[in-house]
Amino acid sequence: MAWGCRELRSSDTDPMTDPQPRKPEWTPDDPGEAFAARVRPGVAGGHDGLAAEEPRAAAEPPATGPARRVLTHDEYVTGVLAGDRAVLARAITLIESNAPAHFEQAQELLRRLLPHSGRAIRVGITGVPGAGKSTLIEALGLHLIDQGHKIAVLAVDPTSSLSHGSILGDKTRMEQLSRQPDVFIRPSPASGMLGGVARKTRETMLVCEAAGFDIVLVETVGAGQNEITVRSMVDFFLLVLIPGAGDELQGIKKGVVELADAIAINKADGENRVRAEAARAEYNRALHYLTPPTEGWHARAYTCSALTGEGIANLWNVVTRFRERAAETGALEARRRAQAREWLHALIDQQLHDFFYDRPAVRQALPEIEAAVSEGTLPATAAARRLLALLEST
């Protein structure tokens, strides 16, 4: 029996052919359709690096449920503003879609929701793999729920460079937090984006804000010094590290450390407590020599334990003090304006990239030019110029 699966008894209905919604073993009172799922028959191999298999013959055609009705613009907007989780999830799926047919509808939805966004506290959380980012987010989220906040967690999972698939398992690591009715957790694949932030994370953030979530936490993959893309979309940038892993020396390097508004030394419990305090002191000495990323705010390192909850409340107090200070000095408004401009240029770059590779002349000439570059008969710079010259003839 596979891990996490319930053994199917003869008295059970086959979940692969049952069109009725199924709820998890835990649900809040009156869960509704937001806590239900329908299981569809999957493919038999030939994907994610698995060998293709012959499909199993079914005794009878599988039953299928009714086709999901396409929502109108008004239904999307009304549902999102009302905080309907099912509509919110569908709106995010629409925005994340790369299908050309969905692009215009998604942009119209964003245009109508934009006036209702921008009031949430946006916090980016990054750090080395294994630093306990998901556990820290769960501890922080439970603390914020007790204070009456509504939280959206946008968790970006690594994408395989071989199969191009993602596990999307962050939600399972936040089991307690995912059960809270005032929390919405959305895992998304990184899709090879630098810094581990999905391409549509900015749009997703706006939709969550329009749905009434007053705190948005963006958890990134965690890729070391290149983990900087999230800085361009959040108000507060938190770097999570662990003691005793040789990371103290990174404090004197330019990179992700100099962009952090605060550093959290996680797992400061038990025998790690002394090492955590030593790491905190080391990072504070390093931060003293770095230019602050936010005018009027000096980044500091703090210790905490996501396991015991110690230091979590103080960590959020740091975020609130930062937001108050940044709002008073105008740094918050200036940062969001700069981020909007960066977003514009990022979209231009992406659309120029798509426009170039969609040209028939480029698609026709690309294989031959790639082969010449691979064989060493044509310099890469000359090859790029030759391909770009094709745009003038189209």
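The values are calculated or read from the model by the stated rules, or taken from the named source; none is laboratory data. Fair warning: this is a prediction, and the values are worked out from it, not measured in the lab. Reconstructed Cβ throughout: ideal geometry from the backbone, glycine too, with neighbour counts over all protein chains shown. Just the protein is used for accessible areas: all its heavy atoms, side chains included, with ligands, DNA and RNA removed. Shrake-Rupley method; radii C 1.70, N 1.55, O 1.52, S 1.80 Å.
Look at the dipole of segment 290-394 built from charges on Cβ: of H353, G330, L378, the Cα furthest out on the positive end belongs to G330. Using 18 Å as the cut-off for backbone N distance, which residues of segment 301-324 belong to the label zone defined by a point 7 Å from the Cα of R273 along Cα→Cβ? The answer is 302-315, whose backbone nitrogens lie closer than 18 Å to the label point.
How do the peptides 95-104, 116-125, 328-337 rank, highest first, by the average count of neighbouring beta carbon atoms within 10 Å per residue?
Working: 95-104: 12.4, 116-125: 20.4, 328-337: 14.1.
Put in order of decreasing packing, that is 116-125, 328-337, 95-104.
Report the full-extension gain for the segment L114 to D74: residue separation times 0.36 nm, less the Cα-Cα distance, to one decimal in nm. Intermediate results must be reported in sequence, preceding the final value.
Numbers: separation 40, 0.36 × 40 = 14.40 nm, distance 1.44 nm.
Using 0.36 nm per residue and subtracting the Cα-Cα distance, I get 13.0 nm.
Here the Karplus relation 6.51 cos²θ - 1.76 cosθ + 1.60, evaluated at θ = phi - 60°, turns the backbone of segment 347-360 into coupling constants of 5, 4, 4, 5, 6, 5, 4, 5, 4, 5, 6, 8, 5, x Hz, with x for every Gly and Pro. Only protein heavy atoms count here; under a 1.4 Å probe, Y302 has an accessible surface of about 40 Å². Remark: the D354-A371 segment gains 4.0 nm on full extension, using 0.36 nm per residue and subtracting the alpha carbon distance. Between A340 and E104, full extension at 0.36 nm per residue minus the direct alpha carbon distance yields a gain of 83.0 nm.
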